[in-house]
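Where a number appears in this text, it was derived from the coordinates with a stated rule and is not lab data. Small disclaimer: the values here were computed from a predicted structure and weren't measured. We place every Cβ from the backbone using ideal geometry, glycine too, and count neighbours over all the protein chains shown.
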Amino acid sequence: MAVTTPLAAEERLRRWRLVLGGEADGTGCTLRGRDAAMDGALGALYRGAPEEGRAGRAGRRGAGLGASAPQVARWLGDIRAYFPSTVVQLMQQDAITRLGLDRLLLEPEMLEAVEPDVHLVATLLSLKHALPETTRETARAVVARVVAELERRLAGRTRATLGGALDRSARVNRPRHRDIDWDRTIRANLKNHLPEHGTVVPERLVGHARARRAVRKDVILCVDQSGSMAPSVVHAAVFGAVLASMRSLETRLVVFDTAVADLTEQLTDPVDVLFATQLGGGTDINRALAYCQSRITRPSETVVVLISDLYEGGVRDGMLKRVAAMKAAGVQFIALLALSDEGAPAYDHAHAAALAALGVPAFACTPDAFPEIMAAAIERRPIPVPEREA
C-alpha cells in the first residue's frame, strides 16, 4: 500500500491550487514566488468569459490583460518564461479568441513580443487591411518567421520524397544498353547472385528514361481560402513554393472563396502568396475547379489537389461533374479536408461521400504526411489515406 508523504501531499495541493485558480478553492494552499507569477499569468487570461466554464469563476484570477499593448507584451514575455512553447501558442490563441486581442495585433510592440505560429499568421492575414503603416513591416516579419520555420521543417523531406517518386516514374524496365542504370539493376537482381561464378544474373533491367522521354508532372493546388481553412492556406503556400522550386514539376497555386485567384506568379515567395490571399468570405468550389480544369493541358500527367472543407456555396452537381470529368480524362485527383496539424475539421459529409463514390477519398492530412501522398499521386499508386479518413 502506497504511503503519501507530507511533501507529496503538499505538492498535490499546490497543483490543485494552480488548476482551480482561487484563494477560496478549499486547498488552503498559498502560492508564492514563481507559482504566484504563473497563477497571475493564467489569471490574466482566464478570468471572466463565463461561457467558457473554467473562466466562469470570475474574480479568482488576476486582473485581466486590459487593452494595453505594453501590458500584453509583458504578459507574453511571462508566459514564455513559465510555460513550454506548445502551451504558449495555445494561450496566445485563447487570448486572441477569448479576449478580443486581435485589435492589439495592430500595434508593433505586441507583434514584436508574440511567439509566432500558424494561427497567429492566420489572424494577421485576416487583419492585414486594417494594419496601420507602422505595423505592416513587423507583421510581415512575423509571417516570414513562421514560413521560414515551416520550410525548414518540410522542404527537405518534400523534395527528397517527390524527387524519388519522379525518378521512379521516369525509369523504364526494358532500356537500351546505354540507358541501363547498373546500380539499380544490380540491387534489383541480388536474389540472382551466383557466388560460384562471382556474378549476378540481370533478370530484370532497370534503366534511366532518355532525356527526350523524361516526363514533367503538372501539379495544381486548389485551396479554399474561407476563414475556417486559414491554417491550411498557410501550409499550402509553403508547399506550393517548395513544389515550384522543383524543375520536374510545373506547379500552379489557385485560391478561392466566391472568386478565384491564380497566385502562381508569386510562388517564388510564400510570404507574398499569403499576403495576396483574402481569408474569409463564401465558397464556390465549382467555379474554382472550372478554372483549374481550363488550365489542364496534359491530363494523364496532372495531379489536382483540392484543399477544402467541401462546404460548397456554388453548384454542387457542377462540382461533382467536373471532378468526374477530370478523373475520366486521367487526372489524379486528391481531396484534402485540411492540410494542418489540427486533425479532421468540420466538413460537409455528403460531399465527401459523393467524392468517395467517384474514387476520390476526402480526408484530413498533416503537413508531415503530405509529401508521401503527393509521391503516391505522381507514381499513380493508391493514395495512403490516414486512418481518420472521412
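Model label sites at Arg145 and His349, defined 7 Å from Cα along the beta-carbon direction, differ in position by 4.1 nm. Compared with the direct C-alpha span, the chain from Leu127 to Tyr311 gains 63.9 nm at full extension, assuming 0.36 nm per residue.
Label sites at Glu115 and Asp341, each approximated as a point 7 angstrom past Cα along Cα to Cβ, lie 1.1 nm apart. Spin-label model, Leu190 to Val19: label points 7 Å out along the Cα-to-beta-carbon direction sit 5.3 nm apart. Sorting 30-43, 286-299, 114-127 by their mean Cβ neighbour count within 10 Å, with the most densely packed peptide first, gives 114-127, 286-299, 30-43. Whole-Hz Karplus values for segment 255-260 come out as 10, 8, 10, 8, 10, 10 Hz, taken residue by residue from phi with 6.51 cos²θ - 1.76 cosθ + 1.60 and θ = phi - 60°; glycine and proline positions read x.
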